[in-house]
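To start, the structure under review is shown below, and the notes come after it.
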Amino acid sequence: MDAPSDWRVGLIRLVLLSASILIGCGGFVLFLRYGAADGLDVMDVLRAALILVSTFWLAWGAVQAFAGLTTRPRQPARHDGPLTSRCVILVPVYNEDPAATFPRIAAMEASLQRTGMAAHFHFAILSDTRDDATAEAERKGLHRLLALTGAEGRIFYRRRENNRGRKAGNIEDFITRSGGAYDLAIILDADSLMEGDTLVEMVRRMEAAPELGLLQTLPQIVNARSRFGRIQQFAAAFYSPIFCRGLAMMQGRTGPFWGHNAIVRVRAFAESCGLPELSGPPPFGGHILSHDYVEAALLARAGWQVRVDDDLTGSYEEGPENMVLHAKRDRRWCQGNLQHARLLTAPGLKPWSRFVFVQGILAYLSPVIWLAFLLCSIAAPLFVPPINYFPIEGWRWPVIPVSQTSQAVALAICIVGLLFLPKLLILIDAGLRRRAAGFGGALAAARSVGAELAFSALSAPVFLMFNTRSVMQVVAGVDGGWPAQARGDGRMTLTEAWQASSWIVISGLLGGALAFVLSPALLPWLAPVIVPMMAAPVIIAWSSAPARATLYQTPAEARVPDVLELDAAFRNAWATPLPGSRIAAG
Amino acid sequence: MNDLSGIFLTDPEAEARAPLAPPDAPMAMPTQILEQQPRRILPMLLAPFRPARRPSREA
């Protein structure tokens, strides 16, 4: 996919941005008319402004999906000749269990062997592990990995003495020591899995486009077992490709980097992506946490193209199995994205890169804005001016203000529409284009979408609260650190869920009581937010349980990809006490 | 015959402790500038009124 002409990308961006701003302004006007019915006050204007930003943000997500539905993936430039590049697959690990990570490497190696191109690829396991016992297991695991794969001389391991710069520093350390040996580097996460064919295809596309600095794939979530995990897995497989296509239409030369399951040109990355420490203490200073967005911006600043190819399949990752793990991960991402506020004025960045930073910030501020809107609405009756029944001088008949509730209802319908309409349209599109077949057929896909929408509605207020707390912590200067990502089955008891979310329940009760006292008429409107908040522990515990229903089928389950089968086989081999026999590549 | 077992380790456990390191091929990765240098407004405003620099006689 060559970079589309600048004017075309500019036009798409302009149309989609204008549409979102217009929808936001529509929300602003509707709310102002509703608020002005009983006399305009400062709280009405403030709430209308909050609605403007929130509605714009919702619309921005929705228009990307609408755009994504209008096109099909484009065929990118590639070449079919022999590979000429030397490529290294980087697997940064940080206190990860080698029994989970190393079989994935073995699976990718076996998958590469099946392509006949394995000789062009090396693996480098880059350990930042701090725990000595885990590090020892990694060293022993390497020996086992080499015995399983027979890839000695192509699989390397090194452990850093200090983990300066975390993952970005880990990659940088590798490039400064060994980058000269390679043309291309595929950056993975510890839970990444990629098909050998996809790895080869990425190299082909990089070789066909010398101006391409980074090529990102859209990873699909796999191996989810809990209800929450499977809902996320389904949503990522069903909706994300369409949203990603919309994003790809707007990317031009400044596409995204999500930190893993992507390939970079080593020279371009080395020239452009040496990250500094920001002045001042964390959370806004120090190491750049969400380094991927910054690296994408820096590559674009240096003139390299950054691109996401939404047609590339065979790219997988695992996701959090429960809402608390999801919130913990989001806490890190929140800090990283808000830290980007420091980089909005960084010299030389492309305007779109700056806008990407704004998007990341808005993604985390948006729930806070919604919460502020709800609180303002509860407090609004305190600010209402006394009704003037005789606004016309000399007119002796009272003028009864006309209720503008219809405006509020219209606004609510618009907001719900922005939330649900893109997903429903994606469902219709999947049915019409037979994409639904991979999801168990149109009917099964419809049931999964319905259940996913219901769960989204229930879980959104809980995530809103987790998100708001994260933002407050970051703004208050509390550094969230970088805890190891906990994986596993993730099941939570009701007691554990209560411990994690009791403050949300109390907040819901307080909010409800406040609304009852100050503006009881608002209670029915607030119920969809307050009731799930009060039920947060139940929602968290229920959704963390293993999924039994046949809902949420994905194409990767309907037809298990080769690399996932290989991964399962190597996990089994790893679990045997003696070194397992080599698994045939053919 | 010389005993080389002390030099070439054959114990798998010991081999695992001396794993294969990635190739030695350094590449420069310069640190990028991301923060604007703070602009001092007063010196900028006063710059036109500053007397021209003259080299000292000793120079």
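A compact table of results
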| read-out | value |
| --- | --- |
| Computed magnitude of the charge dipole of region A:127-220 (debye, nearest 20; Cβ of K, R +1, Cβ of D, E -1) | 320 |
| Average projected area [Cα convex hull, the protein assembly as shown], square nanometres | 43.1 |
| Share of pairwise Cα separations in region A:377-420, more than 11 Å, in percent | 76 |
| Interchain or long-range residues, amide H under 5 Å from A:SER226's placed H | A:ALA547 |
| Helix A:166-178 vs. chain A, principal-axis angle (Cα, 0 to 90°, nearest 10) | 30 |
| Accessible area (Å², per residue) of region A:24-150, counting only protein heavy atoms and a probe of 1.4 Å | 36 |
| For residues of A:267-273, the mean tally of beta carbons on other chains within 10 Å | 3 |
| At 1.306 mPa s and 10 °C, Stokes diffusion of region A:505-578 via Kirkwood alpha-carbon radius, µm² per second | 95 |
| Region A:289-340: radius of gyration over Cα atoms, expressed as a fraction of 2.2 N^0.38 Å | 1.47 |
| Under-5 Å amide H pairs with A:VAL88, H placed in peptide plane, nonlocal only | A:HIS122, A:LEU184, A:ALA185, A:ILE186 |
| Rounded, prolate or oblate (a/c below 1.5 giving rounded, otherwise prolate when a/b exceeds b/c) for region A:409-523 by Cα gyration tensor | oblate |
| Number of partner chain Cβ atoms within 10 Å, mean per residue of A:176-189 | 3 |
| Structure-based [θ]222 nm, chain A - -39500 (n - 2.57) summed over DSSP H runs of at least 4, per residue, nearest 500 | -19500 deg cm²/dmol |
| Burial ranking of peptide ranges A:344-350, A:518-524, A:441-447, A:96-102 (average Cβ count within 10 Å, highest at the top) | A:96-102, A:441-447, A:344-350, A:518-524 |
| Cα pair count fraction exceeding 12 Å, expressed as % - region A:430-473 | 66 |
| Order by protection proxy (mean Cβ within 10 Å, highest first), peptides B:32-41, A:356-365 | A:356-365, B:32-41 |
| From phi via Karplus (6.51, -1.76, 1.60), per-residue ³J(HN,Hα) for region A:71-82 in Hz, x at Gly/Pro | 10, 10, x, 8, 7, x, 6, 7, 10, 9, x, x |
| Under 14 Å, Cβ to Cβ, from A:VAL203 - net charge with Lys/Arg +1 and Asp/Glu -1 | -2 |
| Using θ = phi - 60° and Karplus 6.51 cos²θ - 1.76 cosθ + 1.60, couplings along region A:249-261 (whole Hz; Gly, Pro as x) | 5, 9, 6, x, 9, 10, x, x, 10, 9, x, 7, 6 |
| Residues of type lysines that A:LYS167 reaches as a straight line, Cα spacing below 30 Å, ignoring anything fewer than 8 places off in the same chain | A:LYS140, A:LYS328, A:LYS350 |
| Shielding by partners, peptide A:136-147 (average Cβ within 10 angstrom, other chains) | 3 |
| Euclidean distance between Cα centres, region A:117-154 to region A:214-278, Å | 25 |
| Principal-axis tilt of helix A:42-69 within chain A, Cα atoms, nearest 10 degrees | 40 |
| Residues whose placed amide H lies under 5 Å from that of A:GLY274, excluding near-sequence neighbours | B:GLN32 |
| Principal axis dimensions, largest first and in whole angstrom, of region A:1-116 by Cα | 73, 42, 20 |
| Cβ-based net charge around A:ALA300, under 11 Å, with every Lys or Arg adding one and every Asp or Glu removing one | +4 |
| Listed peptides A:172-185, A:189-202 by packing density, highest first (mean Cβ within 10 Å) | A:189-202, A:172-185 |
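The values are calculated or read from the model by the stated rules, or taken from the named source; none is laboratory data. Note that this is a predicted model, so its numbers are computed, not measured. FYI the Cβ positions are ideal-geometry reconstructions off the backbone, even for glycines, and counts take in every protein chain you see. Areas reflect the complete protein model, heavy atoms only, side chains present, ligands, DNA and RNA absent. Shrake-Rupley method; radii C 1.70, N 1.55, O 1.52, S 1.80 Å.
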